[in-house]
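Notes follow the structure.
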Amino acid sequence: MLEYALLAGLVFGLYFSLVGLGLNLVFGVMRIVNLAHGDFLMLGAFGAFWLFNLYHLNPIATVFIALAVFGALGVPLYYLLVPRLQRARDPEMLSIILFFGLSQVIEALATVGFGPSERSIPGRVLGSGPVHVLGQTFPAAWMVSAAASALAVLGVYFYLYRTRLGYLTRAVMVHREEALATGIDVHRVSAIAFGAGLALAAIAGVFAPFMLGSATPAMGVDLNIQSFAVIVIGSLGNPLGTVLGGILYGVSLMFMQTYFSSWANLLPYLLLILILLVRPSGLLGRQVRRA
Amino acid sequence: MFRKLVFALLAASFAAFAGGARAAAAPAEIKIGTLYASSGNFAAISMPVHYGLKLWVEQMNAEGGVYVKPFHKKIPIKLIAYDDQSNTATAATLYNQLITQDKVDILVADSGSPLTSVAVPIARDHKMLLIDQTGTGAAFFSKDNPYIVLMSDPVSSIWPKYVADFLTQEGPKLGIKRIALLYATNDFTGTQANAVRGFIRAAHAPVEIVYDQGVPTNTTSYTVIINNIRATNPDAVITLGFPNNDISYLRNLQDSGVKFKWQFAIYPGLETEHLEKTVGVKGLEYVYTYTPSSVLEYKAEFGMSLPQFRAAWDKKYGEGKVAFGFNSVAGYTTGLVLQKALAGTESMEQLALRKAIFALSGKLKTIDGTFELNDEGAQIGEITPLGQIVPDGKGGLKFVVVYPPAATTGKPVYPAK
């Protein structure tokens with residue numbers, strides 16, 4: 001049971017790295033809290049559901065569509081919302097209120113459009129039969145989702161550390177005003193990061209029916225809480241710290257389900273409290289400042 | 001002659017006054033206040049119930065209203081419904097609003113135990129009779145609270161009786177000795193889990209519970225839990241959850257390649273169409289479940305028959321956003337009970353309404369089965385037989401009732417294929 005919980009936690013944790021990655025990227029670059037993150041994830045899940053049902057499109061193909069559509073959606077949404085927020089005295093607090101409102105609107109529209117019930121995609125679409133790993137068996141869909149999550153994390157790493165745009169993005173993450181003073185087009189960099197954040201949320205959404213059983217218009221709220229736990233554990237503002245946060249969250253969740261299953265939903269809150277008390281900057285907090 | 005004339009005039013004016021007073025006392029509408037959850041965790045069980053009730057209201061109003069005995073006439077129904085978004089705090093505020101601001105004549109709870117639980121003390125404090133549609137938590141009912149009646153589902157403390165009876169009486173003959181019990185920790189399924197334990201212990205049968213764990217209602221991942229259950233080597237597994245729990249559990253079970261010899265879950269029976277779409281036909285094969293009134297046709301002595309109700313539902317809600325199932329029947333049944341009660345009540349006082357509803361106990365037979373209450377207002381009729389979902393040979397599924405013996409339509413397949 002112990003080995004299974006550990007391995008399942010690693011797999012699940014990789015997925016949760018992807019769930020939190022976009023949220024942390026947006027916070028790291030813009031210092032705003034996108035409380036609608038979980039709702040964009042939900043839209044990705046419903047997108048995958050409808051594309052599969054209408055055109056039998058494999059969710060792997062939907063990943064690329066989600067990347068393009070939500071990436072493109074993020075840029076105008078950034079210019080519509082974020083620069084106004086950043087002119088305010090307390091953009092972080094205002095962003096919480098604004099994106100909470102946006103979250104409510106998205107959920108309400110999704111409920112009207114899709115209905116309130118759970119929707120799902122058959123697990124066999126991502127591979128039939130269980131997969132054997134180190135003597136344990138896991139659903140094939142889990143392994144594919146975890147692999148896709150790992151690829152997405154590597155993609156973000158490549159973007160941040162191996163591209164010119166990534167260097168500029170990290171410069172903005174370290175100090176927005178200094179980046180502006182050196183002539184970096186901060187809004188352009190931020191808009192692309194915002195689009196990337198939404199795209200990552202939507203990609204996580206594509207795999208949600210496989211990892212979370214189903215998708216509903218209301219799923220965003222729970223996912224926001226879990227995403228926050230993940231990024232606070234890793235370190236707020238450090239996208240790659242999200243991986244550590246995700247894995248720690250995943251493993252802890254599986255151990256909770258094994259030994260204290262009734263209390264498993266307290267885990268995100270317990271971890272948040274623990275990290276904020278012991279190491280408020282997150283496990284990789286120091287690296288944030290160096291970016 | 002003059003005195004006779006004066007008397008006749010007085011008598012005529014009194015009669016006119018009395019008639020006028022009676023007409024004035026009859027309200028222009030009967031206000032039924034209720035809540036529904038269009039979004040959130042309980043939307044999937046709330047909307048079908050609400051739509052079922054709405055269908056009854058529209059039918060009544062199309063016929064000129066519902067007959068109300070104290071006024072000897074049909075009166076149109078005004079349904080005042082607010083969206084609680086599955087939030088118990090919002091629901092509490094809205095229940096208060098229905099009672100104190102809207103001053104509804106009849107208070108109907110939202111579907112399911114979590115959203116009914118907040119209404120129970122509010123209704124009691126305001127001395128309003130709570131028409132509890134599907135909130136089956138046993139803690140809602142007590143001898144000292146006359147302000148609640150359960151309409152459409154059996155109370156959770158007796159609902160799983162046939163499941164436990166099957167396992168304790170038929171189980172040992174099949175080789176079932178070890179039972180695993182997994183439940184979501186809420187009033188609905190928590191009470192059912194307690195009931196299962198109680199029935200099994202009381203039976204003194206040669207079976208033991210080898211796994212007994214609760215999980216939060218918002219649990220979406222069961223792969224590790226399934227592995228933990230498998231490690232206890234059970235002969236039968238009972239899982240008690242809401243639709244989101246059952247969907248995730250059954251999908252994880254199928255995807256992880258684990259096959260339990262005997263598997264029970266609630267919602268494959270209660271919301272079969274919905275689970276067929278989300279879990280898939282393969283994932284539901286050989287699962288044991290409650291055989292609900294939306295599948296097993298009871299002879300309705302009042303209201304529409306099952307095929308008639310299904311046709312009316314499809315005509316009105318055919319777009320498929322809200323699935324037809326046990327909960328839609330439950331909402332419609334609530335309407336039927338209210339219709340009968342209003343036709344029999346001596347007044348619109350809350351306790352008179354309660355008395356009228358109790359008078360129907362054991363006598364009212366609808367598409368939901370026999371309506372029967374215990375002293376505390378809990379539903380003890382309408383118990384759903386235990387069924388097994390098996391392939392129908394045409395790529396679909398069918399129900400086989402396996403318990404109680406008087407209702408069986410086939411033999412259980414054990415171990416599951």
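Over chain A, the pair-distance histogram of Cα-Cα distances with 10 Å bins from zero comes to 7, 29, 37, 21, 6, 0 percent, rounded to whole numbers.
Measuring between their Cα centroids, the stretch A:171-197 and the stretch A:58-113 lie 18 Å from each other. Each distinct pair of alpha carbons in chain B adds a 1/r term; the inverse of their mean, the Kirkwood radius, is 22.5 Å. Rounded to the nearest 0.05, what FRET efficiency do B:Ala416 and A:Tyr269 have when you use their Cβ-Cβ distance and R0 = 51 Å? Once rounded, the FRET efficiency stands at 0.85. Taking amide H as placed 1.01 Å from N in the peptide plane, B:Ala81 has its amide H under 5 Å from the amide H of B:Thr34, each at least 5 places away in sequence or on another chain.
The angle separating the long axis of helix A:164-174 from the principal Cα axis of greatest extent in chain A is about 80 degrees. Of all DSSP bridge pairs formed entirely within the protein assembly as shown, close to 40 percent run antiparallel. Packing order of peptides B:26-39, B:285-298, highest average first: B:285-298, B:26-39 (average count of other Cβ atoms within 10 Å over each peptide's residues). In chain A, the longest principal axis of the Cα atoms and the axis of helix A:267-278 are about 40 degrees apart. From the alpha carbon centroid of the stretch B:314-360 to that of the stretch B:31-57 is 12 Å. Taking the 0 to 90 degree range and rounding to the nearest ten, how far is the long axis of helix B:187-203 tilted relative to the main principal axis of chain B, both from C-alpha atoms? Around 60 degrees separate the two axes.
Show that you can apply the helix-only estimate: for chain A, add -39,500 (n - 2.57) for every DSSP H stretch of four or more residues, divide by all residues, and state [θ] at 222 nm to the nearest 500. Only helices count here, giving -25500 deg cm²/dmol.
Extent of the stretch A:115-161 along its three principal axes (Cα atoms, max minus min coordinate, largest first): 41, 39, 14 Å. Restricting attention to the stretch B:154-303, lysine pairs at least eight places apart or on different chains and with alpha-carbon atoms under 26 angstrom apart total 13. When Rg and Dmax are taken over the Cα atoms of the protein assembly as shown, they come to 28.5, 116 Å.
Rounded to two decimals, the Cα radius of gyration of the stretch B:84-203 over 2.2 N^0.38 Å is 1.28.
Here, each number is a calculation from the coordinates, and none is a lab measurement. Keep in mind the model is a prediction, meaning the values are calculated, not measured. In this analysis, Cβ positions are derived from the backbone assuming ideal geometry, glycine residues included, and neighbour counts consider all displayed protein chains.
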